[in-house]
1. Before we move on, is residue 127 open to solvent by 80 Å² or more (accessible area, probe 1.4 Å), in contact with a helix residue (DSSP H, G or I) (Cβ under 8 Å, 6 or more places away or on another chain) and touching a residue at least 12 places away in the same chain (Cβ under 8 Å)?
2. Please enumerate the residues belonging to region 107-116 that are buried (at least 17 other Cβ atoms within 10 Å of the Cβ) and free of Cβ contacts under 8 Å to residues at least 60 places away in the same chain.
3. I'm told residue 77 meets every condition in (1) of a type in the set (Gly, Ala, Ser); (2) without any contact (Cβ under 8 Å) to a residue 24 or more places away in the chain; (3) over 20 Å from residue 103 (Cβ atoms) except one. Can you identify the failing condition by its number?
4. Could you check, for region 108-121, whether at least one of its residues is within 21 Å of residue 69 (Cα to Cα) and acidic (Asp, Glu)?
5. Suppose we filter region 137-151 for residues that are touching a helix residue (DSSP H, G or I) at 6+ places or on another chain (Cβ under 6 Å) and either closer than 19 Å to residue 69 by Cα or without any contact (Cβ under 8 Å) to a residue 40 or more places away in the chain (or both); how many remain?
6. One residue is enough: does region 112-129 have a residue meeting the conditions within 30 Å of residue 49 (Cβ to Cβ), assigned to a helix (DSSP H, G or I) and of a type outside the set (S, T, N, Q)?
7. Evaluate region 62-74: report whether one residue or more is basic (Lys, Arg), free of Cβ contacts under 8 Å to residues at least 24 places away in the same chain, closer than 30 Å to residue 160 by Cα and out of contact with any helix residue (DSSP H, G or I) (no Cβ under 6 Å at 6 or more places or on another chain).
8. Being surrounded by fewer than 21 Cβ atoms within 10 Å (Cβ to Cβ) and either in contact with a helix residue (DSSP H, G or I) (Cβ under 8 Å, 6 or more places away or on another chain) or at pLDDT below 95 (or both) is the filter here, so list the residues in region 41-51 that pass it.
Amino acid sequence: MGVNNSIKEIIMRLNETVYQALNNQMAMEYTASNIYLQMASWADSRDLSGIASFLNEHAEEERTHMRKIFDYISERGGEPRVQEVPAPRDQYKDVAELFDAVYHEEKSVSDSINKIVFLAWDQKDLATFQFLQWFVEEQREEEALASQIVGKINTIGTNGQGLHLIDEYVGGLVGNA
């Protein structure tokens, strides 16, 4: 019985380096959530309800990502550490700048996830490597969506009727992303 408990302990224990990286990723996901929530406020204050709804949905999604990592760390016998996150930027020149920031945020999160994937592989932490595959696919989708929105903004523009069309288009993505 002692041998089985030792094996279980080895399987459940997180590598310290991977543990730290996952805790940092939790902070990054929470930061992204706050960024999108603040962006939603910016959009809402400009009567861009479609964009605000989209960003509110993404803020909640990022909190869910943080919670997935939190639960995973706990499941593996670690103690998740919720970190302080900086206050997000609250002003944007226009919708184009706002969604450019969304795209760059998604790329940054993807880069971080990818680094942890490689770290887990290097540390032979196959459980974490497998766990992170969901995040790899999620980030691929998020980057593609943000890029698509930036492309639409560049094509349609945000002057006059263009801003209304972009707001409708982005609002139409709520619940479908």
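The values are calculated or read from the model by the stated rules, or taken from the named source; none is laboratory data. Remember, predicted model here, so these are calculated numbers, not experimental data. Glycine also receives a Cβ, built like all others from the backbone with ideal geometry; neighbour counts cover every protein chain displayed. Note: areas computed on protein heavy atoms with side chains; ligands, DNA, RNA excluded. Shrake-Rupley method; radii C 1.70, N 1.55, O 1.52, S 1.80 Å.
1. Working: open to solvent by 80 Å² or more (accessible area, probe 1.4 Å): no; in contact with a helix residue (DSSP H, G or I) (Cβ under 8 Å, 6 or more places away or on another chain): yes; touching a residue at least 12 places away in the same chain (Cβ under 8 Å): yes.
In short, no.
2. The answer is 110, and nothing else.
3. (2)
4. Initial filter on region 108-121 (within 21 Å of residue 69 (Cα to Cα)): 108-121.
Going one step further and asking which of them are acidic (Asp, Glu), we end up with 111.
Scanning region 108-121 turns up at least one residue that is within 21 Å of residue 69 (Cα to Cα) and acidic (Asp, Glu).
5. 2
6. If we filter region 112-129 for residues that are within 30 Å of residue 49 (Cβ to Cβ), which is where we start, we get none.
The answer is no, given that none of the residues of region 112-129 is within 30 Å of residue 49 (Cβ to Cβ), assigned to a helix (DSSP H, G or I) and of a type outside the set (S, T, N, Q).
7. Checked against the condition, which is being basic (Lys, Arg), free of Cβ contacts under 8 Å to residues at least 24 places away in the same chain, closer than 30 Å to residue 160 by Cα and out of contact with any helix residue (DSSP H, G or I) (no Cβ under 6 Å at 6 or more places or on another chain), region 62-74 yields no hits at all.
8. Here is the first cut: in region 41-51, the residues surrounded by fewer than 21 Cβ atoms within 10 Å (Cβ to Cβ) are 41-42, 44-47, 49-50.
Matches in region 41-51: 41, 42, 44, 49, 50.
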